[in-house]
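> I'd like to ask some things about the structure below.
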Amino acid sequence: MYNDMQKQALTVLKNRYSHRKFIDKPLEDEVLDEILDVGLAAASGGNLQPVSIIKVKDIDRKTEISKLCNQGFIKDADTLLVFVIDYFRMKQWAIVEKAPFGREHAFRDFIIAIEDAMCMAQSIECAANLLGVGNVYIGTVNARYEEMKEILDLPELTVPILISCLGYADDKGMNRIKLKKEVVVHEETYKKLSDEDVKREICEYKYDNWLQKLEGEVLDKYIKHFNDVATKVNGEEWAKKVTDKIIDQGGINRAQYRFGWHYNPLVQRSYNEKIFKFYKDQGFKFLP
Ligand SMILES: Cc1cc2nc3c(=O)[nH]c(=O)nc-3n(C[C@H](O)[C@H](O)[C@H](O)COP(=O)(O)O)c2cc1C
């Protein structure tokens, strides 16, 4: 059904994973250009392409970004591609052509711009994988907008939203278990999973019933943390269920780790103000 070239490409794409360890081998200019050309061909709402890519190769700048995002491996990648939502260029075009311009008022348009950037980023990741180049995305730029703006000299009406760290990778990556097709793909309309499905497909299949066993003072510390977070976010009744489950299991499961610890909702939501302020300062006017 498929020719050899198609089969090879599909195998590469199906076996992709994020790389966080890079070898000391520079990415050839032709290879990077090829990858960027694939990114530029990506779909774009109205073909407006409200995205810029800032290519960062300078080691001092990479190190600075690495520190800001608190992820040491970033500086080891040969090239960082910072995807920037770019209304600055779009507005300049409107001004040159004497067009009315108000996209900075419309959240709907902004959603499309993020979708555009992700289409471009993913085309780039696919091209990189096909050429044997590793990638990992970095989303934590959204915690350090102001600093990124300074490092990259970003003008108004721009927002850095994602980084691709590209480089030849140390091949010992990890193929993450993904949800099965039956769970992710719905036929015609949305089908809810039963709680039993969730236990089987997510807890067991995807996470192998992962449990971080805890005891003594450490367990007490976690119970206190989870009680505090769940009470503030979901109320006392749910907090009791959360802590009962932790005590019952003798530790924290994957959902508790992800939603209550790693992505602590109190910390995550504390960024709202800073993020909204940045958008406003950059000239975006769609926030209430
Ligand atoms: C929007 C986005 C942001 C991400 N941000 C980070 C990040 O800041 N640091 C990191 O190490 N990985 C980041 N990742 C990579 C994910 O951790 C990774 O895709 C996930 O663990 C699944 O692993 P896989 O890509 O190997 O399948 C990000 C991925 C996406 C799509």
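The values are calculated or read from the model by the stated rules, or taken from the named source; none is laboratory data. Remember, it's a predicted structure, so these values are computed and weren't measured experimentally. With ideal geometry, Cβ positions are generated from the backbone for all residues, glycine too; neighbour counts draw on all protein chains shown.
> Looking only at region 29-54, which residues are loosely packed, with under 13 Cβ neighbours inside 10 Å and closer than 18 Å to Leu166 by Cα?
First pass over region 29-54, keeping only residues loosely packed, with under 13 Cβ neighbours inside 10 Å: 29-30, 33, 37, 41, 43, 46-47.
Scanning region 29-54 gives Asp29, Glu30, Asp33, Asp37.
> Scan region 165-176 residue by residue and report those that are away from the ligand (no atom under 12 Å from the Cβ) and under 21 Å from the mean Cα position of the chain (by Cα).
Here is the first cut: in region 165-176, the residues away from the ligand (no atom under 12 Å from the Cβ) are 166-168, 170-172.
Residues satisfying the conditions are Leu166, Gly167, Tyr168.
> When the residues of region 247-271 are narrowed to those that are out of contact with any Gly (no Cβ under 9 Å at 6 or more places or on another chain) and not in a helix (DSSP H, G or I), which ends up nearest to Lys199 (Cα to Cα)?
So the first thing to find is which residues in region 247-271 are out of contact with any Gly (no Cβ under 9 Å at 6 or more places or on another chain), and the list is 247-251, 253-271.
This time we only want the ones that are not in a helix (DSSP H, G or I), so: 250-251, 253, 263-264, 271.
Numbers: Gly250: 18, Gly251: 17, Asn253: 12, Tyr263: 21, Asn264: 23, Tyr271: 32 Å.
Once the filter is applied, the top-ranked residue is Asn253.
> What are the residue pairs meeting all of these: first residue in region 199-218, first residue touching a residue at least 40 places away in the same chain (Cβ under 8 Å), second residue of a type in the set (S, T, N, Q) and outside any helix (DSSP H, G or I), Cβ atoms under 6 Å, and 6 or more apart or on different chains?
Cys203/Asn209; Leu211/Asn253
> Taking Asp244 as the residue in question, decide whether it is free of Cβ contacts under 8 Å to residues at least 12 places away in the same chain, surrounded by fewer than 10 Cβ atoms within 10 Å (Cβ to Cβ), in a helix (DSSP H, G or I) and more than 16 Å from the ligand (Cβ to nearest atom). Explain how you work it out, then say what you get.
Working: free of Cβ contacts under 8 Å to residues at least 12 places away in the same chain: yes; surrounded by fewer than 10 Cβ atoms within 10 Å (Cβ to Cβ): no; in a helix (DSSP H, G or I): yes; more than 16 Å from the ligand (Cβ to nearest atom): yes.
No.
> So, one more: Identify, from the list Leu179, Leu152, Leu162, the residue that is within 12 Å of the ligand (Cβ to nearest atom) and under 29 Å from Glu273 (Cβ atoms). Give the steps one after another, and end with the answer.
Working: Leu179 fails: under 29 Å from Glu273 (Cβ atoms); Leu152 fails: within 12 Å of the ligand (Cβ to nearest atom).
From the options Leu179, Leu152, Leu162, the qualifying one is Leu162.
> Another question, then. Condition first: within 16 Å of the chain's Cα centre (by Cα), of a type outside the set (S, T, N, Q) and more than 12 Å from the ligand (Cβ to nearest atom). Now tell me which residues in region 102-147 satisfy that.
Ile111, Ala113, Glu115, Asp116, Cys119, Met120, Ile124, Cys126, Tyr145
Residue by residue, here is whether (1) touching a Ser or Thr at 6+ places or on another chain (Cβ under 7 Å); (2) within 23 Å of Ile202 (Cα to Cα); (3) charged (D, E, K, R); (4) surrounded by fewer than 14 Cβ atoms within 10 Å (Cβ to Cβ) holds:
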{"site": "Leu214", "(1), (2), (3), (4)": "no, yes, no, no"}
{"site": "Glu217", "(1), (2), (3), (4)": "no, no, yes, yes"}
{"site": "Asp220", "(1), (2), (3), (4)": "no, no, yes, yes"}
{"site": "Asn253", "(1), (2), (3), (4)": "no, yes, no, no"}
{"site": "Tyr257", "(1), (2), (3), (4)": "no, yes, no, no"}
{"site": "Gly260", "(1), (2), (3), (4)": "no, yes, no, no"}
{"site": "Val267", "(1), (2), (3), (4)": "no, no, no, yes"}
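> In addition: I'd like the full set of residues that are among the aliphatic types (A, V, I, L, M) and either part of a loop (DSSP other than H, G, I, E, B) or assigned by TED's automatic domain parsing to the domain that holds Phe73 (or both), limited to region 185-222. Can you show your working first?
Start the filter on region 185-222 by keeping residues that are among the aliphatic types (A, V, I, L, M), which leaves 185, 193, 198, 202, 211, 214, 218-219.
Across region 185-222, the qualifying residues are Val185, Leu193, Leu214.
Every residue, every condition in (1) aromatic (Phe, Trp, Tyr); (2) assigned by TED's automatic domain parsing to the domain that holds Gly132; (3) within 16 Å of the ligand (Cβ to nearest atom); (4) in contact (Cβ under 8 Å) with a residue 24 or more places away in the chain, yes or no:
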| site | (1), (2), (3), (4) |
| --- | --- |
| Lys14 | no, yes, yes, no |
| Leu40 | no, yes, no, yes |
| Lys67 | no, yes, yes, no |
| Gly72 | no, yes, yes, no |
| Leu80 | no, yes, yes, yes |
| Val84 | no, yes, yes, yes |
| Ile95 | no, yes, no, no |
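> Could you count how many residues in region 202-225 are closer than 13 Å to Trp261 by Cα and in contact with a helix residue (DSSP H, G or I) (Cβ under 6 Å, 6 or more places away or on another chain)? Can you show your working first?
In the first step, residues of region 202-225 are kept if they are closer than 13 Å to Trp261 by Cα; the result is 212, 221-225.
Filter once more, keeping what is in contact with a helix residue (DSSP H, G or I) (Cβ under 6 Å, 6 or more places away or on another chain): 223.
So the answer is 1.
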